[in-house]
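Here is the structure we will look at.
Derivation of every value follows stated rules applied to the coordinates shown; laboratory data play no part. Fair warning: this is a prediction, and the values are worked out from it, not measured in the lab. Glycine also receives a Cβ, built like all others from the backbone with ideal geometry; neighbour counts cover every protein chain displayed.
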Amino acid sequence: MILTGFGPGAGYRRRARIAACPCRSLAYPWQQLRPEGGAVNSRPEQVTVASPSMTAGQPVALTGRTGERRRRRSGLVRSKARAGLIITAPVMVLIGLLVLVPVIQAIYYSFTNWNGLTATSVGFSNFASSIFSGPGVGQILLNNLVFIVSVPIAVGIEYCLAYALWTGVPGRTALRIIYFVPVIFSWAIVGILFRTMLLQFAPDWLANPVTSLVVLVVAFHWTTFGVNVLIMFAGLSTMDRNLIEAASIDGAGQVKTMLRIVGPLMLPFIDFALITTLILSLTSIFGLIYAFNFGGPGYGTTTMEFNLYEDGFTNGNFGLAAATGILLMVVTMLVSLIRVIPTVRRFRAS
Amino acid sequence: MTAPTSTADGMAIGRRLRPGRKLTVGALVLVALLALGPVSYMIIESLRSQTGSGWTLSNWTGIFQNLPILSGMENSAILAVGSSVLTVAVTSIAGFAFAKLPFRGARIVLTVIISTLTLPLISAIVPEYFDLARFGLIGTYLPTILVYSAFNAAFAVIFFTNYFLSVPDAFIENAITEGAGYAKIMWRIILPMAVPALVTIGVLDFLLVWNDLLVALLFLPQADHQTASVLLATINAGKRLHTQAVLAGALLSLVPNFVVFLAGQRYLLLGYSLGVDK
Amino acid sequence: MLIRSERMPARPGSRRRMAGATVAAVACVAGLAACGGGGNSGSSGQVTLTVWQNGNLQDTGFGFMTQVAKNFEKAHKGVTIQFVAKPQDNYFALLQTALISHQGPDIADVYAGSYLTPLIPNFLNLNQYIPASIRNGISGIAYYSQDGDTSKATYAIPPENQFYNMWYNKALFAKAGIKAPPTDFAQMAADCKALSAKGITAYADGSPTFVTPGQGAVQDWSYFAGAVYSQKQWNDILDGSIPYNSPALVNEIQQWANLYKDGCASKSITTQNSDSLFTSGKVAMVMNYNGLYPTYSKALGSNLGVMIPPWSVQPQHMMVELPGAGYAVAKSSPNAKLASEFLEFTITKPSQQVEAASGGLPVVSDVPAVGVPSQLLAMAQSGKYQLYPMFDNYMQQDVIAQIDNQLPQAFIGQESAQAALSNMEKAFTSLPASERQVDYHLGGG
C-alpha cells in the first residue's frame, strides 16, 4: 500500500539532478574513495584512474562523460557487457512481459467493447463514458478532485511535522516510529477499522455521501502521513545544520526558517512526497475503498480507480475499464511530468 | 563557537528554538496520539465481549475458529515472501549490472524501466488478468508473485542502480582482474556490501504485497487461497462475524507486518534518502 | 437474477459484488481440488457428475437438491453427484472460462436471461435427451429456452419455482387493526399510520452486511417496472425506446421514497438487518423471496403471511414469478447423457415432492406446495395477477449495478428519484449499440 507509485518523479529527477545543493550525503564507508562525481549518467569506469594491474590492451581511461564510443571494445568490456546483458535479462523480461505488454493491450482494448472474449471497436466512446456520460461520473470526478486537493494540504502539514522533529525534539525516533505505524496497515484493514469506528460512533455518516468521503480522505492521510514525514525527515537530515544556526543568528524566526530558508532546499523531497501521495490516491487505494464502504453510498466514495474495478469485474465491461485505466495512466504521467519540469529547470539553472 | 550545533544524527540544535518548543512538542505528541488512537481502538475492541458488555479474551482464544485467519496469513506469506525475495534477487543484480556492467542499449533499457514507474497496476490489471486466464494461470501462486514483482521491480531497479553507482569501481575492477567471475564478485563482495539496500527493498516489497487487495482478490479467488487481506475485506460477505472477532483477526494479521517493519526500520531512513536524493 | 443473495441472508455481500459478470477467468488448473473437471468416466463404471453451484448449497435454497441427488445415486449404481460451491462474486466469470477451456463441470447452476445468454454456446440443447412431454409442463422453462420457446431449444432445467413477494406479521397487523394487506401505495401509507400509532415500524429495508443501504432493490425494481409497464413494454425499456427515467418510473420511485420520508420504514439502513427485525417481531413487513419461508416460519409460525408488494398507484395487478436458477449441461462434458438424465430426474414427480416437502415451490402442476408459499402459487394460478419475470435478469450488467447503487439512495432521500433513474439511463446509453440491441421477446412481444 505504500510506494506503488513511488518513483515516477524520482525516476525523472534522477536523470536531471546534479548535486548542487548544500547537502551532505549520509556517510557510506566508501564515500571517501568516491571519485569526483560527474552526472549520474556517466559510466563510472570512465572516470577511474587506470590501475596498473589492468591488462595490457586496455585503453587509457578518459576522464569526463563521453568516451565509450571512442574506445575500442576490449575483451574486458565485452565480457562485462555480456554479463550485464545476461544479468539484467530477468528483470527486463519480467517488466516487459508483465507490465509493458498488458499496458499496450489495455490501450488497444480501451477502444473496444470487450467482454473478455470478443472485442469490437467502438472508438472513443469508452473514454467519453468514463469522463462525461457514464453514470455517476460527476461524483466520481469530484471524489478524485477532493483527494487531489487534500494532498498538498496534508503534505504541508507533514513537512511541518518533519521539520519540528528535525529541530531536535526528545524522543524523535520514537515519534517517527509511531507515525509510521499506520503505514504498515493494509488498506483493507484501514477500511475496516474506519468503517467499524463510524458504525460505532456515527452510524449515519456511512449513509451520507459527504461524510463518508471526508472520513475516507482522513483514513487515507492517516495511513500515509508517516511515510511522508519520514521522507521529508530524511531530506532534512541531509541539510547542513549550519543553515539553521545562521538563520537563527540573523534573527529569523522558526517559522520563517522553515518556510523561506529550508523550504526551497527541501523542494525535491516535498515534490517527491506530493507526487507519490497524489498518484497513490489516484491509483492505489482500491483496498481502502472496497473495505470501507465499497464505493458507496451511491457513488459517494467511488474514485476512478474503484469504478474501473466495478465496470470491469462486476459489470463485465472490460473495454470501459481499460479506458479508465488508460486515463489514469495518462494522469499519472502528467502529474509526474508537471512536477519534474520545474525541477529540471531548477537544476539546469544551478 | 564551541557549543554543539548538531547531534550525532545531524539534528540541528538551536538555542533560539526553545520558546516555541512546548507548543511544537505538544503538537507532535498530539499527532502521535491521533496516529495511535485508531490502533488502540482496535486493540480495545478486540478485547470486548461480542455480546456488548464486559471484557473477554474469547475473540483471541477463538480466533482460529472464528475465521480462517491462519490460512489467510499463510497465503499472504507465500505471496509476500516469494515476491520480495524474487524482486530483491532479480533487481539487485540488475542494479549492479546497470551500474557496473554496461552493455549496448543499457541506457535505453534503464530509461524504459524508469518510465514504467508511471504505469500504475490498475491500468494494466484487466489485460493482465486475461493474459493469465488464457493460460489457466489464475488461481496459482507463482504467476501472482510474478505480477507483484513486475510492478515493484522498476523502483527497486532504480534504487539498486543508484546504490551500486555509489560503489567505487576500484573495488570491482580489482576483483574482476583478479580473475573472479561476476557471480562470485556479486555474491562475495557486492551483496554483503548492499545489505541495507537489500533489506530496504525486501521490507518495502513484503509490506506492499502483504497489504495488497486487488491482485489477491482477482488472481487467487479460491476460498483456500485467500490472503489475509482478501479474507478480512470480504468477511462481511461471508459469515456474519461480530466486529470484535474481525478486529482480532485483523490485528493478528498485522503482526508479521510489525515484525518485518521493526526488523528493517533502521534501514528505511537510508532507503528513503537514497530513493529521493538521487 | 440476484436471487442467490436472498437465498443466503447469512451471506449477502453487496449486490453489486454479486452481479454475475459475463466474463472470462480461469479458476481451474489441473490439480486444484475445487476444479471440477468434466467429470470422469473412470474405470469400473464409476462416474462422478460435477455440479457447480452458485454459492453454498446449504445456504441457497431448501436443501432438497442434495436429497434428490442421493435418490438419483441410489437409482444409478456407480454414479456419484458432487456439488461444488463456487464463490458468488465472479461466479459467471469463473464458469465462462472453465467451460471454454473444457475444464468446467458437467452441470452448472445458471440464472436466466442475460446471465445465460452468453453461456449458451457452451451448453447442450437438452431437447436431445429430455422429451417434450416432460419439458412442456414445467413452470418457467420458457426462460431457459431459445426465444422463450422450449420446442426450439432448451438450455437449462429449473427444478424450483420462485416468487418475489413481501411477508407480513399477522399478529402485528391485527394489533393495528389492519384486516388485509395493502394493495397500493395509498393503502400502504394508511396502514403505516395505523401501525405507527401502535408503535410498530411498518416496513424494514436494509442490512448491515450490504455496504450500501437497501436489502436488494432488484426485487422492488421488477415491481416498479411492472406496475406501470406491461411485459411487452419491458422489451421497449430493454432496447431503449422507453427510458429508465420515464415519468411513470420516476413517480413509482418517488412514491416508494415517500414511505421512508413519512416514517414508514426503519431508519438506520446501514446498521440494521431487515430479516432479524422481521423475525424478532419489530417490523410488520419485509420484502424477500419465497426462499425465506423456513427462516420466517420458524420465527413467526402461524403469524406469517405472504402478500404482494403494493408498489403501485393502482391496485396491484402483478406478481413476480421466476424459477431463478436452472441447471445446464456442458457440451464438453463426457457424461452429457447421464447429466441430462439427472436433470430430468429433478423434475419428476417424486423429486418435486421432495422439494415441496422441504418448503420449496415445485415447477410441475401436479405436485402441490405446502405451507404459506402455497398461497403464492394459488395467487399465481388464480388469474388475478399478471405474472412477470424478474426484470434484472434481462438487463445489462452496467444498468443492473445502478439498481442497488442508486435506488436505495433515492429511498432514503439522499438523492432524488429523478437523479437515481437518470443514472440508470446513463448507464444504459453509455453502452455500445450492440449491447443495447437485446431481444428477449418478453411477454411474447
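What is the average number of partner chain Cβ atoms found within 10 Å of a Cβ in A:253-262? Can you show the working numbers first?
Working: counts 4, 7, 1, 0, 4, 0, 0, 0, 0, 1.
Rounded to a whole number, the mean comes out at 2.
Which of the lysines could be linked to C:Lys170 by a straight reach, that is with a Cα gap under 27 Å, when you skip same-chain ones fewer than 8 residues away?
By straight Cα distance, C:Lys170 reaches C:Lys179, C:Lys193, C:Lys198, C:Lys261, C:Lys267, C:Lys282, C:Lys298, C:Lys384.
Could you work out the local net charge near C:Lys198, counting Lys and Arg as +1, Asp and Glu as -1, over the other residues with Cβ closer than 13 Å to its Cβ? List each step's numbers first, then the result.
Values: positive: C:Lys175, C:Lys193, C:Lys282; negative: C:Asp191.
My count for the surroundings of C:Lys198 gives +2.
Give me the distance between the Cα centres of region C:226-285 and region A:90-121, rounded to whole Å.
Value for the Cα centre distance between the two parts: 41 Å.
Convert each backbone phi in region C:380-395 into a coupling constant with the Karplus relation 6.51 cos²θ - 1.76 cosθ + 1.60 (shift: θ = phi - 60°), then list the ³J(HN,Hα) values in order as whole Hz, x for Gly and Pro.
Coupling constants for region C:380-395: 5, 7, 6, x, 6, 10, 7, 9, 10, x, 6, 5, 5, 4, 10, 9 Hz.
Hey, got the average number of other protein chain Cβ atoms within 10 angstrom for residues in A:190-196? Intermediate values should be presented prior to the final figure.
Numbers: counts 3, 3, 10, 9, 2, 4, 9.
Across A:190-196, the average partner-chain Cβ count within 10 Å equals 6.
Starting from the Cα of B:Lys184, draw a straight line to each of the lysines and keep only those under 29 Å, dropping any in the same chain fewer than 8 residues away.
Once the sequence-local lysines are set aside, what remains near B:Lys184 is A:Lys80, B:Lys100, B:Lys278.
For C:Lys331, give me every one of the aspartates and glutamates with a C-alpha distance below 14 angstrom, ignoring sequence neighbours fewer than eight places off in its own chain.
C:Asp106
If you filter region A:91-146 for chymotrypsin sites (Phe, Trp or Tyr not before Pro), then keep DSSP loop positions with at most 13 other Cβ within 10 Å, what is left?
Working: sites: A:Tyr108, A:Tyr109, A:Phe111, A:Trp114, A:Phe124, A:Phe127, A:Phe132; in loops: A:Phe111, A:Phe124.
Of the chymotrypsin sites (Phe, Trp or Tyr not before Pro), the ones in loops of region A:91-146 whose Cβ has at most 13 other Cβ atoms within 10 Å are A:Phe124.
Would you mind computing, in nm to one decimal, how far apart the modelled labels at B:Phe64 and C:Gln437 are, each placed 7 Å from Cα along Cα→Cβ?
My value for the distance between the label points is 6.0 nm.
Packing-wise, with mean Cβ within 10 Å as the measure, how do A:258-265, C:149-156, B:146-153, B:113-120 rank, highest first? Mind showing how you got there, number by number?
Numbers: A:258-265: 16.2, C:149-156: 18.8, B:146-153: 25.6, B:113-120: 23.5.
The packing order, highest mean first, is B:146-153, B:113-120, C:149-156, A:258-265.
Please list, short to long, the whole-number percent of alpha-carbon pairs of region C:271-407 in consecutive 10 angstrom bins beginning at zero.
10, 29, 35, 21, 5, 0
Please give the peptides B:39-49, C:355-365, B:222-232 ranked by average Cβ packing (other Cβ atoms within 10 Å per residue), highest first, as a rough proxy for protection. Don't jump to the answer; show the numbers that get you there.
Working: B:39-49: 16.5, C:355-365: 21.2, B:222-232: 24.0.
Order by mean packing, descending: B:222-232, C:355-365, B:39-49.
How many partner chain Cβ atoms sit within 10 Å of a residue's Cβ in peptide C:155-163, on average, as a whole number? Present the calculation step by step, with values, prior to reporting the outcome.
Values: counts 0, 0, 0, 0, 0, 0, 0, 0, 0.
That average works out to 0.
Place the peptides A:164-174, B:22-32 in order of packing, highest mean first, counting for every residue the other Cβ atoms within 10 Å and averaging per peptide. Mind dumping the intermediate values first?
Working: A:164-174: 17.5, B:22-32: 15.1.
Put in order of decreasing packing, that is A:164-174, B:22-32.
At R0 = 41 Å, how high is the FRET efficiency between C:Ala419 and C:Ser302 if r is their beta carbon distance? Nearest 0.05 is fine. Can you show the working numbers first?
Numbers: r = 43 Å, r/R0 = 1.06.
Working from the Cβ atoms, E equals 0.40.
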